[in-house]
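The values are calculated or read from the model by the stated rules, or taken from the named source; none is laboratory data. What you see is a predicted model, and the numbers here were worked out from it, not measured in a lab. Methodologically, a virtual Cβ is constructed for each residue, glycine included, from the backbone with ideal geometry; neighbour enumeration extends over all protein chains shown.
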Amino acid sequence: MSEDRGPLGVRWLLDDARYSGSTEVWVEAVASDACVLHTFVRVDRRGGSVSAWRRRRVRDRMVKTLWRFKDDVEGRVAHSGG
């Protein structure tokens, strides 16, 4: 499930038999031609804590996904002449 938060970005909710949590993404303009992409990820394991290895793995996947998103956006801007 996702929640469009307008200028505050988007929140995706995770709720299944093993995990619950949320991921939030929002963009902050820092100049007329630049912005910062912010992220927040929270995952809790139902019935116990999540191992440090699992947290690193989730974080690393999120970072790779966000870098791909950044590269895609920059590629689109470069091709549009922006």
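Only one of the numbered conditions (1) under 21 Å from D72 (Cα atoms); (2) in contact with a strand residue (DSSP E or B) (Cβ under 6 Å, 6 or more places away or on another chain); (3) polar (S, T, N, Q) is violated by S32, and that is (2).
I need the full set of residues from the range 19-39 which are at pLDDT below 85 and of a type in the set (D, E, K, R), in order please. Within the range 19-39, just D33 meets the criteria. Apart from one condition, A34 fits all of (1) at positive phi; (2) surrounded by fewer than 12 Cβ atoms within 10 Å (Cβ to Cβ); the exception is (1). Considering only residues in the range 15-43 that are among the polar types (S, T, N, Q) and part of a strand (DSSP E or B), the one that is farthest from R59 (Cα to Cα) turns out to be S20.
Across the range 1-14, the number of residues qualifying as in a strand (DSSP E or B) and modelled with pLDDT under 85 comes to 2. Within the range 21-74, can you find the residues that are of a type in the set (V, I, T) and touching a Lys or Arg at 6+ places or on another chain (Cβ under 9 Å)? If the condition is that a residue be of a type in the set (V, I, T) and touching a Lys or Arg at 6+ places or on another chain (Cβ under 9 Å), then T23, V25, V41, V43 are the ones that fit.
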